[in-house]
1. What list of ³J(HN,Hα) values in whole Hz, one per residue of region 8-24 in order, does the Karplus curve 6.51 cos²θ - 1.76 cosθ + 1.60 (θ = phi - 60°) give from phi, with Gly and Pro shown as x?
2. Before rounding to the nearest 500, sum -39500 (n - 2.57) across all DSSP H runs of length at least 4 in the chain and divide by the residue total; then give [θ] at 222 nm in deg cm²/dmol.
3. Of Gly22, Ser109, Trp78, whose Cα points farthest to the positive end of the dipole of the chain (charges on the beta-carbon: +1 Lys, Arg; -1 Asp, Glu; origin at the Cα centre)?
4. Given a 1.4 angstrom probe, I'd like the percentage of the accessible area of the chain that is carbon and sulfur, rounded to a whole number.
5. With contacts defined as alpha carbon pairs under 8 Å and 6 or more residues apart, what's the relative contact order of the chain in percent?
6. Would you please state which residues of region 66-98 a label at Glu39 would reach in this model, taking the label point 7 Å out along Cα→Cβ and a backbone N cut-off of under 13 Å?
7. Highest mean first, what order results for 31-44, 9-22, 66-79 on Cβ atoms within 10 Å?
8. So what are the ³J(HN,Hα) numbers for region 64-75, from phi and the Karplus equation (6.51, -1.76, 1.60; θ = phi - 60°), rounded to whole Hz, Gly and Pro as x?
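The values are calculated or read from the model by the stated rules, or taken from the named source; none is laboratory data. All values derive from a computational prediction rather than experimental measurement. Please note: Cβ atoms are built from the backbone with ideal geometry, for glycine as well, and neighbour counts cover all protein chains shown. The area values use the complete protein model at the heavy-atom level, side chains included, leaving out ligands, DNA and RNA. Shrake-Rupley method; radii C 1.70, N 1.55, O 1.52, S 1.80 Å.
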Amino acid sequence: TLDLDQYKNKVVYMDFWASWCGPCRKSFPWLNSIQSKFEDKGLVVIGINLDADFNKAEDFLKSVPAEFKLFSDPKAQWADKYKLIGMPSSFVLDGNGEIRHRHVGFKKSDIDDYEKSIVSLLSELK
């Protein structure tokens, strides 16, 4: 189970994804790279899968591996809590667990903006 309280004093990039989501396939390599690039500075990337059938998620992960923490939300409890409006949906939480940035969809042309939002929050960590 996911307990965000364990990530206090970390910046959390929480990404909601599903096997049927085309842009999710494009985002995973970048998510892997930011996890590696900023992990030692306090970033934790968390992927939350919304597939009701986890076998579909496993098939997705065989072709697009994840090098970050993964959780399953087949009943969409976390998705409902964060009021998702598109896929993928990402939330960047500061060291206090507050949502500071939100991204709906994934565009390679926006990667610089995504990374700036992460670096900004990492600089606030004590």
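1. Those phi angles translate into 4, 6, 10, 8, 10, 9, 9, 10, 8, 9, 8, 5, 7, 8, x, x, 4 Hz.
2. Mean residue ellipticity, 222 nm, calculated: -10500 deg cm²/dmol.
3. Working it through, the farthest residue towards the positive pole turns out to be Ser109.
4. 48
5. 35
6. Within reach of a label on Glu39, which here means backbone N under 13 Å from a point 7 Å along Cα→Cβ, region 66-98 contributes 66-70.
7. Highest to lowest by the protection proxy: 9-22, 31-44, 66-79.
8. With the stated coefficients, region 64-75 comes to 9, x, 10, 10, 9, 5, 10, 9, 10, 10, x, 9 Hz.
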